[in-house]
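Here the structure is laid out as structure tokens; the discussion comes afterwards.
The values are calculated or read from the model by the stated rules, or taken from the named source; none is laboratory data. Here the structure is a predicted model, which means the values were calculated and not measured. With ideal geometry, Cβ positions are generated from the backbone for all residues, glycine too; neighbour counts draw on all protein chains shown.
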Amino acid sequence: MNMNNNVCQDLTVLSCRPTGDPSLVNLVLSSPGWTCRPGQFVMLRPSGWGPELIWPRPFSVCDVSEDGLRILFQVVGRGTRRLAALAPGDTVAVWGPLGRWFRIDEDRPNLILAGGVGIAPFVMLARRDRTDNLSMLFGHRLGLEHYPYGEIAARIESEAMQQKTPADIADFEKVLAGRIEALAGKGQVLACGPEPMLKVVRKYCLQFGTDGQISLENRMSCGVGACLGCVAKTISGDFVQSCVHGPVFDVRDIELGA
Amino acid sequence: MNMNNNVCQDLTVLSCRPTGDPSLVNLVLSSPGWTCRPGQFVMLRPSGWGPELIWPRPFSVCDVSEDGLRILFQVVGRGTRRLAALAPGDTVAVWGPLGRWFRIDEDRPNLILAGGVGIAPFVMLARRDRTDNLSMLFGHRLGLEHYPYGEIAARIESEAMQQKTPADIADFEKVLAGRIEALAGKGQVLACGPEPMLKVVRKYCLQFGTDGQISLENRMSCGVGACLGCVAKTISGDFVQSCVHGPVFDVRDIELGA
Amino acid sequence: MDQTVNLGSLTLANPIITASGTFGYGLEFMRYGDLSKLGALCLKGISLAPREGNPMPRIAETPCGMLNAIGLQNVGVEKFLKEKLPYIPAGATLIANLYAQTPEDFGELAAIFAGQDKISALEINISCPNVREGGVQFGQDPLMAAEVVGAVKKRAGAKPVIVKLSPNVTDVRVIARAAVDAGADMLSLINTLSGMAVDIRTRKSRLANVVGGLSGPAIKPVALRMVHQVAQAVNVPVIGMGGITCAEDVLEFILVGAHAVQVGTLNFMRPDNAFRLVEEVRALAESLGIGSWDEYRGTLKV
Amino acid sequence: MDQTVNLGSLTLANPIITASGTFGYGLEFMRYGDLSKLGALCLKGISLAPREGNPMPRIAETPCGMLNAIGLQNVGVEKFLKEKLPYIPAGATLIANLYAQTPEDFGELAAIFAGQDKISALEINISCPNVREGGVQFGQDPLMAAEVVGAVKKRAGAKPVIVKLSPNVTDVRVIARAAVDAGADMLSLINTLSGMAVDIRTRKSRLANVVGGLSGPAIKPVALRMVHQVAQAVNVPVIGMGGITCAEDVLEFILVGAHAVQVGTLNFMRPDNAFRLVEEVRALAESLGIGSWDEYRGTLKV
Ligand SMILES: Cc1cc2nc3c(=O)[nH]c(=O)nc-3n(C[C@H](O)[C@H](O)[C@H](O)COP(=O)(O)OP(=O)(O)OC[C@H]3O[C@@H](n4cnc5c(N)ncnc54)[C@H](O)[C@@H]3O)c2cc1C
Ligand SMILES: Cc1cc2nc3c(=O)[nH]c(=O)nc-3n(C[C@H](O)[C@H](O)[C@H](O)COP(=O)(O)OP(=O)(O)OC[C@H]3O[C@@H](n4cnc5c(N)ncnc54)[C@H](O)[C@@H]3O)c2cc1C
Ligand SMILES: Cc1cc2nc3c(=O)[nH]c(=O)nc-3n(C[C@H](O)[C@H](O)[C@H](O)COP(=O)(O)O)c2cc1C
Ligand SMILES: Cc1cc2nc3c(=O)[nH]c(=O)nc-3n(C[C@H](O)[C@H](O)[C@H](O)COP(=O)(O)O)c2cc1C
Ligand code: FES
Ligand code: FES
């Protein structure tokens, strides 16, 4: 398998099924013939889409192997609704792997902070050989059985907290703060989840001086650095394409809007 | 059943299957609760269509009963391609029955002239009680088994001619001319088919003074007489909506472009 | 939530108006809903003399939109008053849409409608891209626009006058201000964008008229931008339209400053759509906790 | 069929050009195809000084289209020449897209590019709706347009100058003629239509810049109409664009009079689309029995 062969290809849908809850879907496409690193993503555009939905949609690679390319996505709008209606045999244009990945610090503990469908990129991370320096804290809204939490927890030390109420969210934030503080100078966090959660993670990383990487989900159009629609603001004030310079950034390198 | 209740309703797809050739599709929708006359039509717009295809599509009622609303259509463009992909359980907005129908002359012979998918409206006509004053000449491109020819031929005197080459078409035109001439002053023709065929029918009707009705397939947008996009030119020079004043017109009342 | 909208002297039960040329004389839709439930109906454009319109083909489908070049086919005002108006049920709020080729003829039409009790307001179409004379040429020149508006106002009596603006201009605010200065009681926009579609095989335009007017969801971003600009530039009520297909779209226009909206192409997608929209808009507004349209209108944060 | 297109002194291997701002500096697409197979590449708009562009969000999806308000973010001409241009493979035909806020700065940029062997032509962008100064204001006024074109021509040396026109005008032919009279060697059109999209819940525009430029299939009818008008009004080659997504669309633009086309939003739908389009256009033209582009161009029957 080629690590860098990110051409555009038509892959076939092998399966497309809700994980249990209709809003969370597992999509498996035929093998793209490449592998990639956790945190990298692909752009998807089903060949059946007419011009009504112009853009492809970006998704983290949940896992990839000879068996296929696996995507875990949440139904949030028109595009994901139409993706959820894909059937085996349909074809999807796929380009990738794209962007930068989560870099593991092999000498120190790496704490995964995943929120909801943000757990996706960590499935392939948990599959790596060395797992003793990895652990995960997972915040979730739906029942745990809807997420690939079990797969990850079977390989690395994991803990899950469900958030159903504002009080639950406040509790989760407290735990996040504690974990981030505890790692200050001792390890790093790797975060993927909804933007409010990323802001919290960034805040505490900066406050406690803890190292961290976060994966942004800016709106994207091209995925290849051309449209300048997905830019993130660096602390030096530059706008850089998050599809090329991200989606995974060092928490210290970028700003996050209020 | 109400003859005139042409409200707009959501009907369910019961089946949607090629007749044998992929370009010719039989669509059966749940019963609309009304019946209609041969030559009347409905407007269809699947609820799954986004704004990409703005317009509904007009189709003759092939048959309608408690068992459902049957449409026979040919795949010619984007809309019919998407209609052909309907699956049982999908819903389709349907309004109708719309427009004017073929009026049978009970005292004289009525010869149906059908071309290709233009056979559709005559399926329900052949189902009526009295059939001794009906007969049909059918011109077709695909094998006869792909059309509902057998259903009709089982009830009324029918004859079919296949056209595969320009020579076949010239032959068909000769036969049409002969039949139309033979009916002059003695009966009428009822024609539905591709526009070139309708022009031929009109030409000979006028030439021989034979009574006739033809069903136009002008492009339609609303189907209810509002957009003025489907107009036909009457011999007095007025533009009249073919969705309301047609689609079935007396050959003597309208002009047909060159 | 009370759906009432006040447009100066014209009060509508709700903000949904069917757009001219897309709802016939209302009669065509009586089977599909109760006309009195609509905010109002803008009737098909009416001229002094009957017009036969443009040759066929007149319509073409385009991505998320359509082109039309009907050419203002209509029965003429006399026949309209005799054969159409009496049959429109009394409960419906009607707006006449006027088309003429000279300011004088516009005035003449206004005078005729001024005496019609069933007509609640006049909309003057100075923005039709599909007719050679008097259409968009009035709508692209502020002086000519003002002249037409003046001629209509002089003879419109107590009827509020709505001026329908063309989007085919460099700065829509210039025409908007000219119309208001000349006495327009309200503005409506946008009419269709001038466009074309061609067939690469026959090498012909898909419209006999060659050019036509683009409507439908494709034009919504342009319409929203222009309604936003005009609502900020003038002090009269603005009626927004262009590509509305759902309740969210209606609220978008109100958010950028429209008092009411018109829906056109939507009526072709399904003949009961306008009636359904009235209910959907009510439900959406209530689910968002909007207390009144006055409270929500023009609250876009910029 | 020979796909060659002659645009005055500029000869292209085929009529497909990637549109400015949608294909980066070409480098972003090298993985997806061979740049030398394209007719040409219009590079991302370049200004004298670097520009950081507009705040986020900058893009929004609309029915059959998209809005962008990038605000011409670019590294500036100096950095472009040092860090980008050398890496674009030699076989590619490059067109620089120039943006400035004054005629003088436009001239300055032209002078810099006049000396660049790798650049085959200059396209001047007087039609960007997303910048406050110097953008569309030059493109909406014939006198200002002429002034910019004159300033560029004076210093462009032997490079052909393409003037990119705005669709946000009452009569695009007026600006087209002004540009040609001032020395434009070619015209390209259309740039984006000014538009908006808003969020009814947050009550904010979907673009931080409030307004943006509409591109994609939604605008194709407007683009075809304007290209048709301009091709009849001027005697220089016209490059058509706006909403092209397939080979049929390309032929439509050539049928109404375009010498070549640009494809923009298409590149976002799939990064190898422009490369595939070159082959699809060839196949379609051959299947229609077209002998040469000169034979087919402008043959619309009206
Ligand atoms: C690098 C990256 C990786 C991602 N990985 C995953 C993943 O593994 N699983 C998953 O469920 N989601 C993932 N997302 C988010 C996913 O791309 C969006 O949820 C999806 O594009 C929404 O499409 P839609 O048409 O359903 O929503 P829309 O109807 O378009 O919009 C609904 C919401 O989604 C946002 N959105 C729309 N388009 C995009 C876009 N192109 N990029 C980002 N946000 C958008 C809108 O701002 C809006 O808030 C990822 C996004 C990025 C940028
Ligand atoms: C009263 C009436 C009854 C009809 N009955 C039947 C029937 O029983 N079976 C059947 O197969 N077809 C019937 N048609 C024709 C059918 O409506 C068109 O073939 C269909 O709308 C084409 O849609 P499309 O999107 O696939 O084609 P498009 O891609 O839109 O166009 C392909 C071709 O179809 C024509 N066309 C497109 N839209 C329409 C439209 N709304 N109305 C008419 N022509 C159009 C175009 O001019 C073009 O030549 C009928 C048409 C009318 C007006
Ligand atoms: C078929 C058709 C006919 C129209 N006729 C008229 C008309 O007679 N007078 C007028 O002012 N506008 C007319 N219009 C313009 C519409 O009223 C409306 O301004 C335009 O379609 C934009 O709205 P929409 O996108 O909701 O359709 C017509 C539009 C269409 C599609
Ligand atoms: C994201 C984006 C950025 C653009 N940037 C520029 C630019 O820098 N200079 C320019 O002249 N046009 C720019 N354009 C306009 C395009 O070149 C083109 O004129 C327009 O998108 C219409 O073509 P399309 O419908 O094929 O996209 C941009 C368009 C988009 C979508
Ligand atoms: S998505 Fe286009 S530059 Fe990142
Ligand atoms: S289809 Fe609209 S008037 Fe006939």
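B:Asn218 passes every criterion in (1) in contact (Cβ under 8 Å) with a residue 12 or more places away in the chain; (2) buried (at least 20 other Cβ atoms within 10 Å of the Cβ); (3) within 16 Å of ligand 6 (Cβ to nearest atom) apart from (2).
Note on segment C:35-71: among residues that are part of a strand (DSSP E or B) and over 18 Å from the mean Cα position of the chain (by Cα), the one that is farthest from the other protein chains (Cβ to nearest Cβ) is C:Arg51. Taking the listed residues B:Cys205, B:Cys230, the one that is of a type outside the set (Gly, Ala, Ser), crowded, with 16+ Cβ neighbours inside 10 Å, within 30 Å of C:Arg270 (Cα to Cα) and more than 16 Å from ligand 1 (Cβ to nearest atom) is B:Cys230, with no other qualifying. Within segment A:47-65, being away from every other protein chain (no Cβ under 12 Å) and free of Cβ contacts under 8 Å to residues at least 40 places away in the same chain holds for one residue alone: A:Ser65.
Of all residues in segment A:58-72, those satisfying the criterion of being surrounded by fewer than 22 Cβ atoms within 10 Å (Cβ to Cβ) and touching a strand residue (DSSP E or B) at 6+ places or on another chain (Cβ under 9 Å) are A:Asp67, A:Gly68, A:Arg70. Assess whether C:Phe253 counts as being more than 14 Å from chain D (Cβ to nearest Cβ) and more than 16 Å from ligand 4 (Cβ to nearest atom). The answer is no for C:Phe253.
Looking at A:Leu183, is it in contact (Cβ under 8 Å) with a residue 40 or more places away in the chain, more than 15 Å from the chain's Cα centre (by Cα), surrounded by fewer than 23 Cβ atoms within 10 Å (Cβ to Cβ) and outside the structural domain of A:Ser135 (by TED's automatic domain parsing)? The answer is no for A:Leu183. Has segment C:176-192 got at least one residue that is under 18 Å from the mean Cα position of the chain (by Cα) and within 12 Å of chain D (Cβ to nearest Cβ)? Yes; the residues of segment C:176-192 include at least one that is under 18 Å from the mean Cα position of the chain (by Cα) and within 12 Å of chain D (Cβ to nearest Cβ). When segment B:154-174 is filtered for residues that are in a helix (DSSP H, G or I) and under 21 Å from the mean Cα position of the chain (by Cα), the ones remaining, listed by number, are B:Ile169, B:Phe172, B:Glu173. Just one of the numbered conditions (1) in a helix (DSSP H, G or I); (2) within 14 Å of chain D (Cβ to nearest Cβ) is not true of A:Pro196: (2). Of all residues in segment A:81-108, how many are assigned to a helix (DSSP H, G or I), in contact (Cβ under 8 Å) with a residue 40 or more places away in the chain and surrounded by fewer than 21 Cβ atoms within 10 Å (Cβ to Cβ)? Of the residues in that region, 1 qualify.
Name the residue, out of A:Ser221, A:Ser242, A:Ser215, that is of a type in the set (S, T, N, Q), under 15 Å from the mean Cα position of the chain (by Cα), farther than 17 Å from A:Val189 by Cα and modelled with pLDDT of 95 or more. The conditions single out A:Ser242. Restricted to segment A:1-80, the set of strands (runs of 3 or more DSSP E) holding at least 1 residues that are acidic (Asp, Glu) and closer than 16 Å to A:Pro148 by Cα comprises A:63-65. For segment C:32-77, a residue qualifies if it is within 13 Å of ligand 3 (Cβ to nearest atom) and among the acidic types (Asp, Glu), and exactly one does: C:Glu61. Just for segment B:10-58: of the residues that are in contact with a Phe, Trp or Tyr (Cβ under 9 Å, 6 or more places away or on another chain) and under 30 Å from D:Glu61 (Cβ atoms), which one is nearest to ligand 1 (Cβ to nearest atom)? Here the residue is B:Ile54.
Residues checked against (1) within 23 Å of C:Glu61 (Cβ to Cβ); (2) in contact with a helix residue (DSSP H, G or I) (Cβ under 7 Å, 6 or more places away or on another chain); (3) among the aromatic types (Phe, Trp, Tyr); (4) without any contact (Cβ under 8 Å) to a residue 40 or more places away in the chain:
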position: C:Gly183; (1), (2), (3), (4): no, yes, no, yes
position: C:Thr192; (1), (2), (3), (4): yes, no, no, no
position: C:Leu207; (1), (2), (3), (4): yes, no, no, no
position: C:Gly213; (1), (2), (3), (4): yes, no, no, no
position: C:Gly216; (1), (2), (3), (4): yes, no, no, no
position: C:Lys220; (1), (2), (3), (4): yes, yes, no, yes
position: C:Met226; (1), (2), (3), (4): no, yes, no, no
